[in-house]
Amino acid sequence: MKNNPIGIFDSGTGGLTVANAVCKLLPKENIVYFGDIEHLPFGDKSPEAIKEYSTNISKFLLEKKCKSIVIACNTASAVAYEHLKNKFQDVLIFNVIDPIVRAVTQSSKIKTIGVIGTKVTVDSEIYQKKLLKHKSDLIVHSKATRSLVPIIEEGLHHKKHLLFALLDNYLGVKPMNEIDGLILGCTHYPIIKTEIEHYFENKIEVFDAPTIVAKQLRNSLQENNLLREQNERQDHQFFVSDFTPAFEETANLFFGTEVNLIKQSL
Ligand code: DGL
């Protein structure tokens, strides 16, 4: 089991930010990635639909003999994590929300935190509930930033004037302009983390999933004696339910020539 791959999934490109961090921290591990581009964006779908997509993807990853599954999508983490945990009890399942909540609530500097994410994630109030459970005096402001995923998926975030106009629209108004920390509650947003930090003139702390989640994964695999022992790994495998140029571009950016995209409908 310990030499089996780690399964990672998202609706599209965003989860590659997590996969990239996992590869850097755990270079011996093999990864099977699934990007459900056919159903992108998850962030505008019903919780029932997201649970169904996530279940089908998890079944596929388990057929690929994955020893653990990382839900590298905040939207699926928000509405499908408990469902997957109950359904697939024999495998370790990780979400991207709990490790961030832990990091924020452990930081004594953060008094007012902003959360941005998809409509489903924000409507679920999952960050708010979990943050306040750990630190009841925290002030939490959340905002659905619905246009950020489409511009990242289309590669339009490279047009800085467009991106900064959107950021200003979402973050330049009260109460979001009064925060001292910001959670990037969507795995697509680490792709524009530097721009978000610049937007706030590097004056606030920006929390995102990739490194924090990769560390939590490493610790749990270690605790469960599931870290890979073999040194030679096979190639990572990347499956998508549909091809898009943006996915290919981001996958190549993070994984270089290793990426061989395989189309897989579920
Ligand atoms: N990656 C998803 C998330 O983290 C956002 C993209 C989508 O809506 O499918 O919430």
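Any read-out appearing in this document is the output of simple, stated calculations on the displayed coordinates, not a laboratory observation. The structure displayed is predicted, hence computed values, not measured ones. So basically every Cβ, Gly included, is an ideal-geometry build from the backbone, and we count neighbours across all protein chains shown.
For an R0 of 30 angstrom, estimate the FRET efficiency from the Cβ-Cβ distance between LYS133 and ASN224 and round to the nearest 0.05.
E between LYS133 and ASN224, to the nearest 0.05, is 0.75.
Shape verdict for segment 1-107, please, from the Cα gyration tensor: rounded (a/c under 1.5), prolate (a/b greater than b/c) or oblate.
Rounded, since a/c falls under 1.5.
Return the sequence-ordered ³J(HN,Hα) values of segment 124-135 in whole Hz as given by the Karplus equation 6.51 cos²θ - 1.76 cosθ + 1.60 applied to θ = phi - 60°, using x for Gly and Pro.
Karplus values, whole Hz, x for Gly and Pro: 5, 6, 5, 5, 3, 4, 5, 5, 5, 5, 8, 8.
Compute the convex hull volume of the Cα atoms of the chain, divide it by the residue count, and report the result per residue in Å³ as a whole number.
119
For PHE34, enumerate residues with amide H under 5 Å from its amide H, sequence gap 5+ or separate chain, H modeled in the peptide plane.
Residues meeting the amide H criterion: ILE8, PHE9, ASP10, PHE239.
Output ³J(HN,Hα) for segment 105-122: one whole-Hz value per residue in order, computed from phi by the Karplus curve 6.51 cos²θ - 1.76 cosθ + 1.60 with θ = phi - 60°, and x for Gly and Pro.
6, 7, 8, 6, 6, 8, 10, 10, 10, x, 10, 10, x, 6, 4, 4, 4, 5
List the lysines whose Cα sits under 25 Å from the Cα of LYS2, skipping any in the same chain fewer than 8 residues away.
Filter leaves LYS24, LYS28, LYS59, LYS64, LYS65, LYS67, LYS85, LYS87, LYS215.
Between segment 139-171 and segment 192-266, what's the alpha-carbon centroid distance in Å?
Centre-to-centre distance over Cα atoms comes out at 21 Å.
Which trypsin sites (Lys or Arg not before Pro) in segment 152-234 sit in a loop by DSSP (not H, G, I, E or B) and have at most 14 other Cβ atoms within 10 Å of their own Cβ?
Passing sites in segment 152-234 are LYS159, LYS203.
Amide H neighbours of SER142 under 5 Å, counting only residues 5+ apart in sequence or on other chains, H built in-plane at 1.01 Å?
VAL115
Fewest to most neighbouring Cβ within 10 Å: what's the order for ASP242, ASP168?
ASP168, ASP242
Run the helix sum for the chain: -39,500 (n - 2.57) per DSSP H stretch of 4+ residues, divided by residue count, reported at 222 nm to the nearest 500 deg cm²/dmol.
So the helix-based figure for the chain works out to -13000 deg cm²/dmol.
How much net charge surrounds LEU25 when only other residues with a Cβ under 13 Å from its Cβ are counted (Lys, Arg +1; Asp, Glu -1)?
+4
Going by how many other beta carbons lie within 10 Å of each one, how would you line up VAL96, VAL22, fewest first?
Taking fewest neighbouring Cβ atoms as first place, the list is VAL22, VAL96.
Using the count of nearby Cβ atoms within 10 Å as a rough guide to exposure, how do GLU197, GLU232 rank from fewest to most?
If I rank by nearby Cβ atoms, fewest first, I get GLU232, GLU197.
Need the list of lysines near LYS133 for cross-linking: C-alpha distance under 20 angstrom, and skip anything on the same chain fewer than eight residues off.
Counting by Cα, and skipping residues close in sequence, LYS133 has these lysines nearby: LYS109, LYS111, LYS143.
Excluding residues on the same chain fewer than 8 positions from LYS135, give the aspartates and glutamates whose Cα lies under 14 Å from its Cα.
By straight Cα distance, LYS135 reaches ASP98.
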